Amino acid sequence: MPVEIERKFLVKNETWRAQVTHSERLRDGLVAREHDVKIRVRCYGDRTTLCVKSSRRGGISREEFEYEIPREHAAAMFAHCTGRILEKIRHYVPGQSGIWEVDVYHGILDGIVIAEIELESESAIVHLPDWVGEEVTGNPRYSKTNMLAERSPRPQAPIRRPSLAGV
């Protein structure tokens with residue numbers, strides 16, 4: 001079973017930028033979510049994928065199934081993601097514990113920068129570079145869905161017109 005073991009951190013300064021080996025623009029669309037299981041479509045570089053992620057069960061691991069799909073299928077799926085599309089540039093930064101992925105969000109999440117590192121096991125020791133700040137792994141405030149909800153414009157209440165009944 002494919003498993004993702006990942007830790008997330010806020011970024012406290014810009015010194016990571018001098019160590020970037022390469023970067024790519026990503027576009028993520030949330031196709032569906034039920035409880036903590038989500039289906040996402042993603043375009044990056046010349047790849048387009050569909051990904052299913054399970055909820056975390058106790059730790060930082062979860063099942064992750066990712067499949068390449070035709071670009072025109074991805075485009076059609078994005079049409080069903082209105083209000084749930086994220087755009088970011090992912091920068092790859094080597095570190096003592098592995099490759100850090102530093103996501104710099106744009107659009108509605110402009111200004112948010114999160115560093116992630118994928119691990120071989122939940123007990124793997126992570127050596128934090130000096131630019132890594134507070135850990136937010138498992139913090140619901142930093143889930144993409146919740147970040148979007150927090151920054152999305154609130155729908156306006158419908159205007160109530162007085163009833164003319166009985167007039």
query = How about the stretch 79-110: which of its residues are in a strand (DSSP E or B), within 16 Å of Pro129 (Cα to Cα) and of a type in the set (Ser, Thr, Tyr)?
reply = Tyr92
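Of all residues being surrounded by 15 or more Cβ atoms within 10 Å (Cβ to Cβ) and either within 15 Å of the chain's Cα centre (by Cα) or of a type in the set (Val, Ile, Thr) (or both) in the stretch 71-86, which is farthest from His127 (Cα to Cα)? Just the residue, please. Before the answer, list the steps.
As a first pass, look at the stretch 71-86 and keep what is surrounded by 15 or more Cβ atoms within 10 Å (Cβ to Cβ): 74, 77-78, 81, 84-86.
Filter once more, keeping what is either within 15 Å of the chain's Cα centre (by Cα) or of a type in the set (Val, Ile, Thr) (or both): 81, 84-86.
Details: Cys81: 37, Arg84: 33, Ile85: 32, Leu86: 29 Å.
Looking at residues that are surrounded by 15 or more Cβ atoms within 10 Å (Cβ to Cβ) and either within 15 Å of the chain's Cα centre (by Cα) or of a type in the set (Val, Ile, Thr) (or both), I get Cys81.
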ask   = Applying the selection to the stretch 1-47, what residues are small (Gly, Ala, Ser), modelled with pLDDT of 95 or more and more than 19 Å from Ile112 (Cβ to Cβ)?
value = Ala18
task = Say whether the condition of being at pLDDT 90 or above, among the hydrophobic types (A, V, I, L, M, F, W, C), in a loop (DSSP other than H, G, I, E, B) and closer than 18 Å to Thr145 by Cα is met by at least one residue in the stretch 56-78.
result = no
task = Only residues in the stretch 73-94 that are on the phi > 0 side of the Ramachandran plot count as the first member; pair them with residues that are surrounded by 15 or more Cβ atoms within 10 Å (Cβ to Cβ), Cβ under 8 angstrom, at least 6 apart or cross-chain, and list the lot.
result = Gly83/Leu148
query = With respect to the numbered conditions (1) under 25 Å from Arg141 (Cβ atoms); (2) over 17 Å from the mean Cα position of the chain (by Cα), which one is the sole condition not fulfilled by Gln96?
reply = (1)
request  = Tally the residues that are free of Cβ contacts under 8 Å to residues at least 24 places away in the same chain and either more than 15 Å from the chain's Cα centre (by Cα) or more than 17 Å from Gly29 (Cβ to Cβ) (or both), restricting the search to the stretch 41-70.
outcome  = 10
query = Out of the stretch 67-102, which residues are in contact with a His (Cβ under 8 Å, 6 or more places away or on another chain) and of a type in the set (Val, Ile, Thr)?
reply = Ile89, Val102
message = Looking at Gly138 and the list (1) in a strand (DSSP E or B); (2) at pLDDT below 95, which single condition is not satisfied?
response = (1)
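Applying the selection to the stretch 111-133, what residues are closer than 22 Å to Val3 by Cα, out of contact with any Phe, Trp or Tyr (no Cβ under 6 Å at 6 or more places or on another chain) and assigned to a strand (DSSP E or B)? Even if it seems obvious, please write down each step before you answer.
Initially, the stretch 111-133 is screened for residues closer than 22 Å to Val3 by Cα, giving 114-127.
Then drop every residue that is not out of contact with any Phe, Trp or Tyr (no Cβ under 6 Å at 6 or more places or on another chain), which leaves 114, 116, 118-127.
Answer for the stretch 111-133, where residues must be closer than 22 Å to Val3 by Cα, out of contact with any Phe, Trp or Tyr (no Cβ under 6 Å at 6 or more places or on another chain) and assigned to a strand (DSSP E or B): Ile114, Glu116, Glu118.
The values are calculated or read from the model by the stated rules, or taken from the named source; none is laboratory data. What you see is a predicted model, and the numbers here were worked out from it, not measured in a lab. Positions of Cβ are generated from backbone atoms using ideal geometry, with glycine treated the same way; all protein chains shown enter the neighbour counts.
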